[in-house]
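One structure is given here, and the rest of the page talks about it.
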Amino acid sequence: MYEIRFHGRGGQGAVMAAQTMADAAVRMGFQAQAFPFFGAERRGAPVEAYARIDSTKIRTKSQVYQPHLLVVMDASLLELENLAAGLRPGGKVAMNTVQRPEEVDLGAGVEAECGTVDASSIALETLKMPVVNTAMLGAVAKVWDVISLDAIVEAIEDRFGSKLGRRAGMLNAEAARRAYDATLVGPTVGRREYAKKRRWMPAWDEIPIGASLR
């Protein structure tokens, strides 16, 4: 099973990106799920969304703690928290940034293959708005070969076209293609130090009846 974690800000389309990736996976014959996690629900606030892809039925419903793929839709979030926490060995990263991959610092001890692209500029030029989700899906196709660009483009055209109209679907698909062509792929560095956070886990007598600990 593949697990993907999206980090963005409210208004950038992280949730729609996760849903569209799941849609593209289904078109390739996979089982898939996608769901959001919200903190403060306001434009500009940090947002997470998740997707899982597998060849068999997916029964796991938790958040994604150990992603195979990390999609960072706003590089400034790296200044706030360790976005790469839990990234699996050999995991891939797609990031919206003007930096080259070798200039990206994901944190001490974290080195990964990363695809970087200025998705914000592509979105502004193509869509006339700073919604980077479809451009970032193009970058994903470049750095991570599980889901093809063709499947992503098809999912974008259908999903965005049905919601916003055929022209919107075509423009968002174009943003994905442009980002795919512009994405640079290479290794990151790992020097930045983050304060360690302890994740709270309940004891057996603190969980609701009917739930279980993993």
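Some points to look at:
- Applying 0.36 nm per residue to the separation of Gln66 and Lys128 and subtracting their alpha-carbon distance, the gain on full extension is 18.9 nm.
- The slack in the chain from Glu103 to Tyr194, taken as 0.36 nm per residue of separation less the alpha-carbon distance, amounts to 31.0 nm.
- Helical runs assigned H by DSSP (4 residues or longer) give the chain a calculated mean residue ellipticity at 222 nm of -10000 deg cm²/dmol, each run adding -39500 (n - 2.57) before division by the residue total.
- Rounded to whole Å, sorted largest first: equivalent-ellipsoid semi-axes of the chain, Cα gyration tensor: 27, 22, 16
- Listed by chain and number, the lysines whose alpha-carbon sits under 28 Å from that of Lys57, ignoring those within fewer than 8 places in the same chain, are Lys92, Lys142, Lys163.
- Label-to-label distance, nm, for residues given as Lys57 and Ser162 (7 Å Cα→Cβ offset): 2.3
- Expected-Rg normalisation [2.2 N^0.38 Å, Cα atoms] applied to the stretch 49-147: 1.11
- Note: relative contact order over the chain, using C-alpha pairs below 8 Å and six or more positions apart, is 21 percent.
Here, each number is a calculation from the coordinates, and none is a lab measurement. Predicted, not measured: the structure shown is a model, and the values here were computed from it. FYI the Cβ positions are ideal-geometry reconstructions off the backbone, even for glycines, and counts take in every protein chain you see.
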